[in-house]
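The next block holds one structure in the form of structure tokens; read it before the comments.
The values are calculated or read from the model by the stated rules, or taken from the named source; none is laboratory data. Every value quoted in this text rests on a predicted model; they were computed, and no experiment measured them. Neighbour counts are summed over all protein chains in view; Cβ atoms, including those assigned to glycine, are modelled from backbone coordinates with ideal geometry.
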Amino acid sequence: MEIKTCAVIGAGTMGSGIVQVAASTACLDVIMNDIADEFVDKGFNAIVKNLDRLASRGKLTVAQKDEILGRIKKSTNIEDIKDADFVVEAATEKLDFKLNIFKDLDKTCKTGVILATNTSSLPITKIAAATERPELVIGMHFFNPVPVMKLVEVINGMATSKETFETTCKLAEQFGKTPVEANDSPGFISNRILMPMINEAIYALYEGVGTEEAIDNVMKLGTNHPMGPLELADLIGLDVCLNIMEVLYSSFNDSKYRPCPLLKKYVDAGYLGRKTGKGFFNYRRK
Ligand SMILES: NC(=O)c1ccc[n+]([C@@H]2O[C@H](COP(=O)([O-])OP(=O)(O)OC[C@H]3O[C@@H](n4cnc5c(N)ncnc54)[C@H](O)[C@@H]3O)[C@@H](O)[C@H]2O)c1
């Protein structure tokens, strides 16, 4: 099936980024769906801001900007996606939300349409089992910020077909990304490696091995990471990091994934990183 129209479910941080690359780099018609106008408008305005920035730097003409925005159709009704040729779900990271969304997508979408999920940690196989088309369900894990980050982790569920995998990889390339194959396992490849490293950095802080600055400087200057693990945790969101560590811990039932008590304490305090102005570092204006 030729992919002309892509639907994106969820217009938050990731959804709006995916809509932007689908409408600009891949030149597809895009349906941007969320549960209420305010969320769709917020995501759409984030794209306008990004494109304005590109236009002000001379990387885009005003006509090109208008053309890209003209390809995006706002939606708050799942029925609007009935003619879509490919769906990427980027809604809130809650298993029950996603299972319901995939049941609705399965009922609404045409036969043969691939349903991809951008989940960071939930099992693709379980999400696929909520539908009558598990061979057409796949993980398409983009990275934040979507217009900038090159990787798409493409995750096969137990029933995902080879054709679904190949079509998804081709589409990721059309989005200007590099697809990398992973199999369905908690945290996939990216978060299986990244989150325990961040968690260990938090343990090092908790046990007084070094200060926040020392821990981040060691990893930046000594191991060539562009950003220290604590600064990166603040960027991702400490609640998101805790949630993924809890998925790893409960799924593997292995103490090596035990979330650091200090991470839990920060989340309990509402210190979630950049988004709340405070995490391991302070982002509030003095
Ligand atoms: N933020 C990241 O760095 C990141 C990176 C990779 C993957 N992800 C994954 O992407 C997904 C979205 O994350 P986000 O950071 O964009 O979250 P977000 O909170 O910014 O946005 C989620 C959006 O989904 C909407 N939504 C909830 N239920 C819906 C429904 N039934 N139908 C349509 N929209 C619905 C919400 O209203 C919200 O606007 C999650 O699965 C997350 O794990 C996030």
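If the condition is being buried (at least 20 other Cβ atoms within 10 Å of the Cβ) and in contact with an Asp or Glu (Cβ under 7 Å, 6 or more places away or on another chain), then segment 124-133 contributes 124, 131. Taken over segment 134-152, the criterion of being in contact with an Asp or Glu (Cβ under 9 Å, 6 or more places away or on another chain) and surrounded by fewer than 21 Cβ atoms within 10 Å (Cβ to Cβ) is satisfied by 135, 143. Taken over segment 86-145, the criterion of being within 12 Å of the ligand (Cβ to nearest atom), among the basic types (Lys, Arg) and touching a residue at least 12 places away in the same chain (Cβ under 8 Å) is satisfied by 98, 103. Would you confirm, using the coordinates I've provided, whether residue 77 is out of contact with any Phe, Trp or Tyr (no Cβ under 7 Å at 6 or more places or on another chain), closer than 22 Å to residue 237 by Cα and not small (Gly, Ala, Ser)? No: the conditions fail for residue 77. Count of segment 1-12 residues, restricted to those that are away from the ligand (no atom under 14 Å from the Cβ) and either surrounded by 24 or more Cβ atoms within 10 Å (Cβ to Cβ) or in a helix (DSSP H, G or I) (or both), is 1. Taking the criterion of being of a type outside the set (Val, Ile, Thr), loosely packed, with under 15 Cβ neighbours inside 10 Å and in a helix (DSSP H, G or I), the residues of segment 56-75 that qualify are 56, 63, 64, 66, 67, 70. Within segment 211-251, the set of residues being touching a residue at least 60 places away in the same chain (Cβ under 8 Å), in contact with a helix residue (DSSP H, G or I) (Cβ under 6 Å, 6 or more places away or on another chain) and under 12 Å from residue 196 (Cα atoms) comprises 244, 248. Within this structure, residue 264 passes the test of being in a helix (DSSP H, G or I), more than 16 Å from the ligand (Cβ to nearest atom) and over 15 Å from residue 197 (Cα atoms). Would you pick out the residues in segment 96-113 that are of a type in the set (D, E, K, R), closer than 15 Å to residue 78 by Cα and in a helix (DSSP H, G or I)? Across segment 96-113, the qualifying residues are 98, 103, 104, 106, 107.
For beta carbons closer than 8 Å, sequence separation of 6+ or different chains, a first residue in segment 33-58 that is within 13 Å of the ligand (Cβ to nearest atom) and a second that is of a type in the set (Lys, Arg), the qualifying pairs are 37/74; 40/74; 41/74; 44/74.
With respect to residue 65, determine if the residue is out of contact with any helix residue (DSSP H, G or I) (no Cβ under 7 Å at 6 or more places or on another chain) and not polar (S, T, N, Q). Please lay out each step first, then the result.
On the way: out of contact with any helix residue (DSSP H, G or I) (no Cβ under 7 Å at 6 or more places or on another chain): no; not polar (S, T, N, Q): yes.
No: the conditions fail for residue 65.
Which of the following residues is in contact with a Phe, Trp or Tyr (Cβ under 8 Å, 6 or more places away or on another chain) and either within 24 Å of residue 143 (Cα to Cα) or buried (at least 19 other Cβ atoms within 10 Å of the Cβ) (or both): 192, 274, 258?
Values: 192 fails: in contact with a Phe, Trp or Tyr (Cβ under 8 Å, 6 or more places away or on another chain); 258 fails: either within 24 Å of residue 143 (Cα to Cα) or buried (at least 19 other Cβ atoms within 10 Å of the Cβ) (or both).
Step by step, each of 192, 274, 258 is checked, and only 274 is in contact with a Phe, Trp or Tyr (Cβ under 8 Å, 6 or more places away or on another chain) and either within 24 Å of residue 143 (Cα to Cα) or buried (at least 19 other Cβ atoms within 10 Å of the Cβ) (or both).
Residues in segment 84-95 that are modelled with pLDDT of 95 or more and either farther than 17 Å from residue 130 by Cβ or outside any strand (DSSP E or B) (or both): 84, 85, 86, 90, 91.
Collect the residues in segment 13-51 that are part of a strand (DSSP E or B) and at positive phi, keeping them in residue-number order. Break it down stepwise before answering.
Step one: of segment 13-51, the residues part of a strand (DSSP E or B) are 29-33.
Within segment 13-51, none qualify.
Checking the stated criteria, residue 249 turns out not to satisfy the condition of being assigned to a loop (DSSP other than H, G, I, E, B), under 23 Å from the mean Cα position of the chain (by Cα), buried (at least 17 other Cβ atoms within 10 Å of the Cβ) and modelled with pLDDT of 95 or more.
If you go through segment 216-238 one residue at a time, how many are touching a Gly at 6+ places or on another chain (Cβ under 9 Å) and at pLDDT 95 or above? So the answer is 10. Annotation note: of 153, 173, the sole residue that is within 14 Å of the ligand (Cβ to nearest atom), of a type in the set (D, E, K, R) and closer than 30 Å to residue 54 by Cβ is 153.
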